[in-house]
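Single-structure report; data block below.
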Amino acid sequence: MNEEFEAERPSAGNVPEYSVSEISGAIRRTLEGTFGRVRVRGEITEFKRYPSGHLYFSLKDERGKIAGVVWRGSVSRLGLVPENGLEIIATGKVSAYGERSNYQLVVERMEYAGEGALLARIERLRLKLAEEGLFDGERKRSLPVLPDVIGVVTSLQGAVLHDICTTLARRFPRHVVVWPVAVQGEGAASQVRAAIEGFSRLDGKGAVPRPDVLIVARGGGSLEDLMAFNDEQVVRAAAACSVPLVSAVGHETDTTLIDFASDRRAPTPTAAAEMVVPVISEVMADLEHRGARALSALSHRLQTARLRLLRAGSALPDLPGLLQTASMQLDTRWRRLEVALPGFVRHKRAALVAAERSVPSAAALLAGQRARVAYLEKALQSGTARTMQKWHIRFERQRLTPAPLQACLRERKTALAGICGQLDAVSPQAILARGYVLVTAQGQPVTSSGALKAGQAVELTFGDGAREAVISRKKAQKQEQGLLDL
């Protein structure tokens, strides 16, 4: 070791002397040479992602903890997305960082620490999303009967896409739009999520048509291979997709969280293709069967309507017989009318003659009315003479006794004088005679000084006549206040 470090012996004693960089380099070479590549199992903690792209974390178990780092160039090859609390097996090498005098594990690859840890993590996420209602049956939508466009999210490599397209061409050829993605490894989850959200945002107005149904598929694999479809962001994208979604991930026994969020789960990609489109021969047979049933039902309805019409026709009376009967009744009534009309006329003429005989003559009627008028005239003349005689006698009596008449005149004169006095008391002319003046403007009496303006012409009416006047300006406010103070 003395030759390796090339240390200089001190002048006193036999203990070698090293510089700090020499001892740090020796420790680093010792660690890297002794351990080489190692696999370390532990739980990720203190995870940080720096802007430089490097990942720093620690791996711990019940009795220890070791620092770890993933350089930026190795992040894309890790195999999973690290996060706090995840139990993994990290593959790398042990190295030392001399500037801080500590050692660390330089990780090149990560994998989940057994299926038990993966299943526990998936179960925790499933319970969390189920509590949010992402797996409720009310959110499931029915698939279209015959979609025009089918969207497929899968990898271009492998037999999945070939199986789907072959099945669609065999059953019912449809237009297929493929969004290629990575279905496992680093970045697979983000690509699947982006594809689902991209199909959901399509409006069909651009070059890419909007699919009527969406298939998310991949072949079978281990639990680690299917982890992209257990990713929380992928499951949320599937639940929020506006297009009906069919999940076909893995084989029949494989179950991922996207199966719970999708509208329909298919055990295999081929089954998914069979689920979204019917068999064209079966559709044609069904259409022929439905057409035959429709023709049969229509024929039955026509026969039923024909029978009802025949029954209704048989229940109707004979139209020629009805016309003949009505014609015979009309002839009978006409003959009876011809016989009855002359007799009716003779009867009415006889009644008119009898009434004429009972009516008195006009001369007799006029003579009677003339006699009555003469009698009334004599009665009127006699009554008028008697009335005139009565008034004459009464007038003569009053003329012979003038005293009562004079007393009556004096009484009437006194009453008249009282009424005249009352009229004078309320007469405006009497008020004007006492020195008051009536002010009128434009023929209307003025009752307020505020209604008049400077320069306005008014008419002043006195007890003995009227004069015209013009309004001057209003007195100053201060003079009025001075008068009030006095």
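Quick notes
- The single condition among (1) modelled with pLDDT of 90 or more; (2) outside any strand (DSSP E or B); (3) hydrophobic (A, V, I, L, M, F, W, C); (4) crowded, with 19+ Cβ neighbours inside 10 Å that residue 179 does not meet is (2).
- Single residue of region 55-92 satisfying the filter (in contact (Cβ under 8 Å) with a residue 60 or more places away in the chain and out of contact with any His (no Cβ under 9 Å at 6 or more places or on another chain)) that is surrounded by the most Cβ atoms within 10 Å (Cβ to Cβ): 78
- When 274, 288, 232, 252 are checked against the criterion of being within 22 Å of residue 146 (Cα to Cα), out of contact with any strand residue (DSSP E or B) (no Cβ under 9 Å at 6 or more places or on another chain) and assigned by TED's automatic domain parsing to the domain that holds residue 155, a single residue qualifies: 274.
- Filter pass, residue 22 being touching an Asp or Glu at 6+ places or on another chain (Cβ under 9 Å), assigned by TED's automatic domain parsing to the domain that holds residue 107, in contact (Cβ under 8 Å) with a residue 12 or more places away in the chain and of a type in the set (Asp, Glu): yes
- With respect to the stated conditions, residue 83 is in a loop (DSSP other than H, G, I, E, B), touching a strand residue (DSSP E or B) at 6+ places or on another chain (Cβ under 8 Å) and either in the same structural domain as residue 34 (by TED's automatic domain parsing) or of a type outside the set (Phe, Trp, Tyr) (or both).
Conditions (1) crowded, with 19+ Cβ neighbours inside 10 Å; (2) of a type in the set (Ser, Thr, Tyr); (3) touching a residue at least 12 places away in the same chain (Cβ under 8 Å); (4) under 25 Å from residue 140 (Cβ atoms), marked per residue:
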residue	(1), (2), (3), (4)
244	yes, no, yes, yes
257	yes, no, yes, yes
269	yes, no, yes, yes
292	no, no, no, no
296	no, yes, no, no
303	no, no, no, no
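- Positions within region 448-463 being modelled with pLDDT under 80 and under 15 Å from residue 428 (Cα atoms), in sequence order: 463
- Any pair with Cβ under 6 angstrom, 6 or more apart, that starts in region 43-54 at a residue that is closer than 9 Å to residue 85 by Cα and ends at one that is surrounded by 12 or more Cβ atoms within 10 Å (Cβ to Cβ) and among the small types (Gly, Ala, Ser): 45/58
- Within the option set 21, 52, being at pLDDT 85 or above, closer than 19 Å to residue 95 by Cβ and surrounded by fewer than 13 Cβ atoms within 10 Å (Cβ to Cβ) holds for one residue only, 52.
Results for (1) under 25 Å from residue 82 (Cβ atoms); (2) under 34 Å from the mean Cα position of the chain (by Cα), shown as yes or no for each residue.
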{"site": "235", "(1), (2)": "yes, yes"}
{"site": "240", "(1), (2)": "no, yes"}
{"site": "244", "(1), (2)": "no, yes"}
{"site": "257", "(1), (2)": "yes, no"}
{"site": "267", "(1), (2)": "no, no"}
{"site": "272", "(1), (2)": "no, no"}
{"site": "277", "(1), (2)": "no, no"}
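The values are calculated or read from the model by the stated rules, or taken from the named source; none is laboratory data. These figures come from a predicted structure and were not determined experimentally. Counting neighbours? That spans all protein chains shown, and the Cβs are built from the backbone with ideal geometry, glycine included.
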